[in-house]
Amino acid sequence: MQEIKIENLIEEITSFYDPKLHHFVCLNANDLGENRLKLQWIFTFYNQEDNYQIFWTICSFDEVLPTITKIIPSAIMSEAEIVDLFGVQIKDIQGGLYLDETSPISPLRCSI
């Protein structure tokens, strides 16, 4: 696992990611309470069993987070899920993909 600063996310992912070598698995989030969110960008290596790379950071729910969709377009699914389920803001990512208007707001956020 590699800790990163959120302001260095794009640089870190860009320098690491090679679409011929790496598979972006998902963006994972965990509400730590006290307005803090732990984020993990999880990658595996093609043709290498049990070999993975996780970039992680702790940020505030108040921050507008960068998107990695310009590097990994399929990340839009994981990012939209985090927007819906935790109520965070990710630049250029809209909510409403996983929840509809009758769903609870930010249902996985514990510290509302």
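The values are calculated or read from the model by the stated rules, or taken from the named source; none is laboratory data. Everything numeric in this text was worked out from a predicted model, so none of it was measured. Neighbour counts are summed over all protein chains in view; Cβ atoms, including those assigned to glycine, are modelled from backbone coordinates with ideal geometry.
Please find, within segment 67-77, the residue that is farthest from Asp31 (Cα to Cα) out of those that are of a type outside the set (Ser, Thr, Tyr) and buried (at least 18 other Cβ atoms within 10 Å of the Cβ). Give the steps one after another, and end with the answer.
Step one: list which residues in segment 67-77 are of a type outside the set (Ser, Thr, Tyr), which gives 68, 70-73, 75-77.
Next, from what is left, pick out any that are buried (at least 18 other Cβ atoms within 10 Å of the Cβ): 68, 72, 75.
Numbers: Ile68: 21, Ile72: 24, Ala75: 20 Å.
Only one residue fits best here, namely Ile72.
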Quick one: in segment 53-66, which of the residues that are outside any loop (DSSP other than H, G, I, E, B) and of a type outside the set (A, V, I, L, M) is surrounded by the fewest Cβ atoms within 10 Å (Cβ to Cβ)? Ser60
Inside segment 78-112, can you point out the residues that are surrounded by fewer than 19 Cβ atoms within 10 Å (Cβ to Cβ), charged (D, E, K, R) and modelled with pLDDT of 95 or more? Lys91, Asp92
Subset of segment 1-13, residues within 17 Å of Ile76 (Cβ to Cβ) and loosely packed, with under 15 Cβ neighbours inside 10 Å, comes to Ile10
Go over the candidates Glu49, Glu101, Glu81 one by one and state the one that is part of a helix (DSSP H, G or I) and of a type outside the set (A, V, I, L, M). Glu81
